[in-house]
1. Anything in the stretch 109-123 that is open to solvent by less than 50 Å² (accessible area, probe 1.4 Å) and under 15 Å from the mean Cα position of the chain (by Cα)? List them, or say none.
2. Tell me whether the stretch 36-53 contains one or more residues that are within 24 Å of LEU140 (Cβ to Cβ) and in a loop (DSSP other than H, G, I, E, B).
3. Quick test of your reading of the structure: LEU2 fulfils all but one of (1) in contact (Cβ under 8 Å) with a residue 12 or more places away in the chain; (2) loosely packed, with under 14 Cβ neighbours inside 10 Å; (3) touching a Phe, Trp or Tyr at 6+ places or on another chain (Cβ under 7 Å). Name the failing condition by number.
4. What number of residues within the stretch 13-35 satisfy the criterion of being open to solvent by 20 Å² or more (accessible area, probe 1.4 Å) and closer than 27 Å to GLU121 by Cβ?
5. Which residue is nearest to VAL70 (Cα to Cα), if the candidates are limited to the stretch 109-125 and must be part of a helix (DSSP H, G or I) and among the aliphatic types (A, V, I, L, M)?
6. Just to be sure before I move on: is VAL60 in a strand (DSSP E or B) and either surrounded by 15 or more Cβ atoms within 10 Å (Cβ to Cβ) or β-branched (Val, Ile, Thr) (or both) in the structure I sent?
7. Counting just the residues of the stretch 75-108 that are in a loop (DSSP other than H, G, I, E, B) and open to solvent by 80 Å² or more (accessible area, probe 1.4 Å), which one comes out nearest to HIS56 (Cα to Cα)?
8. Given the condition modelled with pLDDT under 95 and of a type in the set (Phe, Trp, Tyr), answer yes or no: does some residue in the stretch 65-83 qualify?
Amino acid sequence: MLVQAPDLFQAIHIAVPLLDMKRYSKLLAGASWMAEYGDPDTNDWENFLHKYSPYHNIDVSRDKYPNVLVTTSTRDDRVHPAHARKMVKKLWDEGQGKDWPVYYYENIEGGHGGASDSRQEAFMTSLSYDFMWRALTNALPRKE
């Protein structure tokens, strides 16, 4: 939703995301998903994958994006944390001098769900709710 309909949202939490549809098949379990998503090394990229690859559809001409929290897990064995890391880096770099508030949290434990036990799951849930509350009440810290 961040790149397809950003004007509809004031805040978005992107959790353990698959974002780079050009290179997803090269990371971890990605190759096993090509029957479902398509093969980015064929015409599938031009025919449809590029149209919905969030990493490749950031609109650099936009002055504003909604508040974004991206969370991932270092030990995710399905969706490589590089998807989240690359997206955040690109948003930070391309958003210099713009209103593109991006926050990032990477759990060094956990797995694809982002947490390894109930305590971490509670933390991740409270992190998300706290982010949403602060974003929707304009109480998030902003970089100057």
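The values are calculated or read from the model by the stated rules, or taken from the named source; none is laboratory data. Nothing here was measured: the structure is a model prediction, and the numbers come from that model. Heads up, the Cβs are rebuilt from the backbone with ideal geometry, glycines too, and the neighbour counts pull from every protein chain shown. With ligands, DNA and RNA removed, areas are computed over all heavy atoms of the protein, side chains included. Shrake-Rupley method; radii C 1.70, N 1.55, O 1.52, S 1.80 Å.
1. Selection gives GLY114 alone.
2. no
3. Looking at each condition in turn, LEU2 falls short on (2).
4. Summing the residues that are open to solvent by 20 Å² or more (accessible area, probe 1.4 Å) and closer than 27 Å to GLU121 by Cβ in the stretch 13-35 gives 10.
5. Per the stated criteria, the residue is MET124.
6. Taking the combined requirement at face value, the residue does not satisfy it.
7. Among those residues, the one meeting the criterion is GLN96.
8. There is no residue in the stretch 65-83 that is modelled with pLDDT under 95 and of a type in the set (Phe, Trp, Tyr).
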